[in-house]
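Please treat every number below as a calculation from the coordinates, not as lab data. Everything numeric in this text was worked out from a predicted model, so none of it was measured.
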């Protein structure tokens, strides 16, 4: 990667403000409820450990059943179920790979229907896991394994980062890129 440029004070303030947006906080407050519905109603036949590559594969196969084509994801009547899939995918990465939820408004869906953009920040990679786009991409590709493949790659990167002492991102990038 190129030289890392620190955020300006204005950019940092905007990022902080985004994390306290009332719409975002309300969405986060419903996490447990939506995940519980996902596991009990939407995809009740999960493997023993749903928070795994196998869980992601099962969830993606179920998504293919729920959304016969990618355009079905954005239909208003499918919004709640799509939201459950977004949350589940994000939670697998958050729970296992030192991630945390962030609001990055530019990662909202194309119609900007939420007014916020749910992503998973992982401290060892330079990009966010964009959960809204993960569902859309999986429904376009229709393989049933997109999420598990990404998870397995990220799990390898995470293990490498941890084995090097879980360095801050800028330090980790320097170590990782110069081995």
Kirkwood hydrodynamic radius (C-alpha pairs) into Stokes-Einstein, the stretch 44-94, 25 °C and 0.890 mPa s, D in µm²/s | 216
May I ask for the angle, rounded to the nearest 10°, between helix 9-19 and the longest principal axis of the chain, with both axes built from Cα atoms and the value confined to 0 to 90°?
-> 30
Round to the nearest 10 and give me the degree value, 0 to 90, for the angle of helix 146-163's Cα axis relative to the longest principal axis of the chain.
-> 30
Gyration tensor on Cα atoms of the chain, a ≥ b ≥ c root eigenvalues, a/c under 1.5 rounded, else prolate if a/b beats b/c, else oblate, says oblate
Quick one: angle between helix 131-141 and the longest Cα principal axis of the chain, in degrees between 0 and 90, rounded to 10, please.
-> 60
Compute the convex hull volume of the Cα atoms of the stretch 115-179, divide it by the residue count, and report the result per residue in Å³ as a whole number.
-> 97
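Per DSSP H run of at least 4 residues, take -39500 (n - 2.57); add these up for the chain, divide by its residues and hand me the 222 nm value, nearest 500 deg cm²/dmol. Write out the running numbers ahead of the final one.
Details: 8 runs with 96 residues, N = 179.
Result for the chain: -16500 deg cm²/dmol, rounded to the nearest 500.
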